[in-house]
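First comes the structure, then the notes that go with it.
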Amino acid sequence: MHINQRTHNQFNRRQFLKGAGLLSLALAGGGAASVFSACTSAPPSASIAGVNPTAAPTAAPVTLPPSAQTTAPAAAAADLELALKATRGQVGILPGAETAVWRYQAELLAGDPASVVALPGSYLGPILRVRQGQRVRVRFTNDLPEPSIVHWHGLLVPDAMDGHPRFAVGAGQSYAYDFQVVNRAGTYWFHPHPHRLTGGQAYRGLAGLLIVSDDEEAALGLPQGEYDQPLVIQDRQFDAQNQLVYLAQGGGMMDGGMDQMMGFLGDRILVNGQPDFTLPVATRAYRLRLLNGSNSRIYMLAWRDGKPLTVIATDGGLLEQPVQRPFVMLAPGERVELWADFAGRKSGDELFLDSQKFVGAEGAELMGGMGGMGSMMTQPAALPNGAAFPVARFRVARAAQGGQTRRQRLARIERYRLADAVNAARPRQVVITNRMMAWLLNGRSFEMSGVAADEVGRVGELAVWEFVNQRNPGQMMEQNGMAHPLHIHGTQFQVLERQALPELRAGFESVRAGYVDEGWKDTVLVMPGERVKVLLKFVHPGLFLYHCHNLEHEDQGMMRNFRVDA
Ligand SMILES: [Cu+2]
């Protein structure tokens, strides 16, 4: 499809940072020439080293958590079987010309027709609805002009089913998925994961939801049907012909290199693929399933009327009990579920879910002091990361009989204890650094099958990891760093502890009241200067990724393998 290049006469944060970056690197002795050569990496190409287009999934030995050990012999019939195609399409998003997008199309081959539903009015999706214990078969066909593969974000599946980029298939080829759903009830999602191409593919529209239910959740009688509403939040940029604008080609300093380093931001907020999203609601309780499906934008979500948000679930499903927050931080890849009760509202009332202004995610706001050049360079982006804007409108359209009372107890969560971790005294550190405009994990960039000595663990063993977002002396963003949402495949983890460097506390303090760390997570926001300890277990052996879910960072190589031994 055609994606227009960014015009070069826009004066925005990227140009500001171009100047700032060149300056800071020059000061560090890098010199503009070497900066330039380091940044002119080739644009994402259609061939990926290490891809075996005919790679067939291999059956890996499976160790399931005790709660989910339903038998699924190899030859068992699937509960749900579908064909899923990634393909090109045209949709009406803005008034006027249609927009070229990429999208998933699903065809149910076997199972309950209610298991595959469209995301209403959207080119995103579909929504797959499955129950814990079900066996799912998906025949994925790549009808795109470049390699792709599907990752089931948050699901605990064997490594050959996880959509690792080494399994990416080329145009016209297929990949067979066959796995059992062992996760708790919750809002999971699926999106492409080919190396260096994930950001572009997700941006063009490839994202669907995978909603898991289980018995524990069913017993709660939470809002269902039209009262159970997914909201996929994304930002996009359109040109005058209504076509999506993504990274400028070339990847060089003067093209997309800065977007790659900072992450791509759009200036239009879409919910479920629609601009100016409005949901007509009844005067009763809703379950709102929020997914941040943006490439790099972080949201500080709040009700405009100042009422607290009631959170009932995070990435890995229901919390033990609802918690209240003045606002909720939602970074790329994260999900949060809200209990929203419109009872008592009058017909015609409108409620707004906004993203509030916050600082520190890019550090850029704080960089004004650089040699007195700040004021001349701090021209803001059209919609900076941390700007305030409306996200969704809820218009009370009808009265509803009866209501639904909020449950005080939701689910049971097995609490991990630090003392039980194999490395309790010595957390496995994952240090975020930047070198020559590239974000790294422990100083390393992604290698298709590479695993370092510290990137090995065992199935079933409890471990503590610590993400460390430190300063980067002598490098780009050295002063204030950048926020990174870190995602780990093959596990759901618990956040144990957060700390922040005293000199970078301001950003952290401004957002920390919006963290929801009470439940299971697979993606965690790490602000500049912040250190986050998480406790985790892997349930399958094999090669699993951990990476930044800022998709431009991921594509650039801010991703590593972790090998889980049986
Ligand atoms: Cu990142």
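In the range 403-416, is there at least one residue being of a type in the set (Phe, Trp, Tyr) and either within 25 Å of residue 298 (Cα to Cα) or within 16 Å of the ligand (Cβ to nearest atom) (or both)?
Scanning the range 403-416, I find no residue that is of a type in the set (Phe, Trp, Tyr) and either within 25 Å of residue 298 (Cα to Cα) or within 16 Å of the ligand (Cβ to nearest atom) (or both), so the answer is no.
Those residues that are under 15 Å from residue 494 (Cβ atoms) and within 16 Å of the ligand (Cβ to nearest atom), I need them from the range 526-544; list them, please.
Of everything in the range 526-544, just one residue is under 15 Å from residue 494 (Cβ atoms) and within 16 Å of the ligand (Cβ to nearest atom), namely 532.
Would you be able to tell me the number of residues in the range 84-128 that are under 11 Å from residue 204 (Cβ atoms), of a type in the set (D, E, K, R) and buried (at least 16 other Cβ atoms within 10 Å of the Cβ)?
Qualifying residue count, the range 84-128: 1.
Would you check if residue 545 is under 19 Å from residue 454 (Cβ atoms), surrounded by fewer than 24 Cβ atoms within 10 Å (Cβ to Cβ) and in contact with a His (Cβ under 7 Å, 6 or more places away or on another chain)?
For residue 545, the condition - under 19 Å from residue 454 (Cβ atoms), surrounded by fewer than 24 Cβ atoms within 10 Å (Cβ to Cβ) and in contact with a His (Cβ under 7 Å, 6 or more places away or on another chain) - is met.
Condition first: in a loop (DSSP other than H, G, I, E, B), surrounded by fewer than 18 Cβ atoms within 10 Å (Cβ to Cβ) and in contact (Cβ under 8 Å) with a residue 24 or more places away in the chain. Now tell me which residues in the range 385-404 satisfy that.
Across the range 385-404, the qualifying residues are 387, 388, 399, 400, 402, 403.
Within the range 512-525, track down each residue that is in a loop (DSSP other than H, G, I, E, B) and either over 24 Å from residue 425 (Cβ atoms) or within 16 Å of the ligand (Cβ to nearest atom) (or both).
We begin by selecting, within the range 512-525, every residue in a loop (DSSP other than H, G, I, E, B); these are 515-520, 522.
If the condition is that a residue be in a loop (DSSP other than H, G, I, E, B) and either over 24 Å from residue 425 (Cβ atoms) or within 16 Å of the ligand (Cβ to nearest atom) (or both), then 515, 516, 518, 519, 520, 522 are the ones that fit.
So residue 547 ticks every box in (1) part of a strand (DSSP E or B); (2) touching a helix residue (DSSP H, G or I) at 6+ places or on another chain (Cβ under 8 Å); (3) within 16 Å of the ligand (Cβ to nearest atom); (4) farther than 23 Å from residue 186 by Cβ but one. Which box is left unticked?
Going through (1) part of a strand (DSSP E or B); (2) touching a helix residue (DSSP H, G or I) at 6+ places or on another chain (Cβ under 8 Å); (3) within 16 Å of the ligand (Cβ to nearest atom); (4) farther than 23 Å from residue 186 by Cβ one by one, residue 547 breaks only (4).
Restricting to the range 437-460, count the residues that are assigned to a loop (DSSP other than H, G, I, E, B), within 16 Å of the ligand (Cβ to nearest atom) and out of contact with any strand residue (DSSP E or B) (no Cβ under 7 Å at 6 or more places or on another chain).
Here the count works out to 1.
Are there any pairs, at least 6 apart or on different chains, whose C-beta atoms fall under 9 Å, with the first in the range 482-497 and over 24 Å from residue 360 (Cα atoms) and the second assigned to a strand (DSSP E or B) and within 10 Å of the ligand (Cβ to nearest atom), and if so, which?
489/547
Which members of the range 481-511 meet the condition of being more than 22 Å from residue 561 (Cα to Cα), assigned to a loop (DSSP other than H, G, I, E, B) and within 16 Å of the ligand (Cβ to nearest atom)?
Filtering the range 481-511 for residues more than 22 Å from residue 561 (Cα to Cα) gives 481-482, 496-511.
Narrowing the set further to residues that are assigned to a loop (DSSP other than H, G, I, E, B) leaves 481-482, 501.
Of everything in the range 481-511, those that are more than 22 Å from residue 561 (Cα to Cα), assigned to a loop (DSSP other than H, G, I, E, B) and within 16 Å of the ligand (Cβ to nearest atom) turn out to be 481, 482.
Bear in mind these aren't lab numbers, they're just calculated from the coordinates by the rules spelled out. In this text the structure is predicted, and so the values were computed from the model without any measurement. No Cβ is skipped: glycine too gets one built from the backbone with ideal geometry, and neighbour counts run over all protein chains shown.
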